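The values are calculated or read from the model by the stated rules, or taken from the named source; none is laboratory data. Quick caveat: nothing in here was measured; it's all calculated off a predicted structure. Note: ideal-geometry Cβ built from the backbone for every residue, glycine included; neighbour counts use all protein chains shown.
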Amino acid sequence: MLNLLRADLYRLKRTKSLYICVGIIALFVTYIIFDFSSSAHIKEQLRPSTFHWTYMLFVEKSFLPYFIPPLQAIFITMLITSEYNTGTIKDAVSLGFTRSNIYLSKLITVSVGSIILMIVAVLTSIITSVYVFGIYGTFTLHDLLLMIRMLMIQVLLYSAYGSIFLMIAFLIKNIGGTMAFTILFSLILGSLSSLVGNSYFGRILLLMNFSPTAVPNPQTVDLKIAIAVALSYLIICFGIGRFVFKTQDIK
């Protein structure tokens, strides 16, 4: 399993689409902060510390929850469908690895790629905001721990998003069809979230769980819902994707 994961992570490192998506998210976050800096009164509206920007970017009506999933769809589609196109997807099977382990390795790999996108967005927001506004406010070790807790929840949510796109890639296998479907899915999900609102029924959508947990002190119920929803998506998508892969003829 470790050798399989190591090989998949190596492929991820060689995936050009991931680097393109990283560059896009960095430019996007930089633009957003510079755009806010054009307001003469923006600094007076900020929270007490530079951490404001990181929290702000994860609000579901804001930026990253709408912007990162389409980028996930792009690099995950390129990563998985390229293996079908070149036939390398069958190499691991021929080497004796179980299809369950192969699929699990892919899930871990796309989760790592999703985390990279998120980390780049966070670092870019901090660096750019310090450059534009300077360091303002104070924060303690406790504030840093709260930030880490928030980011861990976001990691789980984005990994759940990745599991959806991974499942779709294994279902369709074709690069054009997969790319079109996953991006359309992201857009539809964004539109649907605006219709259902932030109700408890609407919280079954991954997108609606970013904002309630993207605050320094979220309510316990919001944390529990976000974790439960993310884990449910991960389990369901893993089960469907693994079943589909196990029944595919890739010989």
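Assorted remarks:
- Residues of region 208-227 classified as over 19 Å from residue 122 (Cβ atoms) and within 17 Å of the chain's Cα centre (by Cα), total: 2
- Condition check for residue 230: modelled with pLDDT of 80 or more, of a type in the set (A, V, I, L, M, F, W, C), within 17 Å of residue 154 (Cβ to Cβ) and part of a helix (DSSP H, G or I): yes
- Within region 84-106, the residues that satisfy the criterion of being surrounded by fewer than 20 Cβ atoms within 10 Å (Cβ to Cβ) and not hydroxyl-bearing (Ser, Thr, Tyr) are 85, 87, 90, 91, 93, 95, 96, 97, 99, 101, 104.
- Residue within region 165-188 that is within 21 Å of the chain's Cα centre (by Cα), closer than 27 Å to residue 52 by Cβ and assigned to a helix (DSSP H, G or I) present: yes
- Apart from one condition, residue 114 fits all of (1) more than 27 Å from residue 232 (Cβ to Cβ); (2) at pLDDT 90 or above; the exception is (1).
- Which numbered condition residue 57 fails, given (1) surrounded by fewer than 21 Cβ atoms within 10 Å (Cβ to Cβ); (2) within 27 Å of residue 142 (Cα to Cα); (3) at pLDDT 75 or above: (1)
- Within region 240-249, the set of residues being out of contact with any Leu (no Cβ under 7 Å at 6 or more places or on another chain), part of a helix (DSSP H, G or I) and surrounded by 12 or more Cβ atoms within 10 Å (Cβ to Cβ) comprises 240, 242, 243, 245, 246.
- Residue check, residue 80 among the β-branched types (Val, Ile, Thr) and within 15 Å of the chain's Cα centre (by Cα): no
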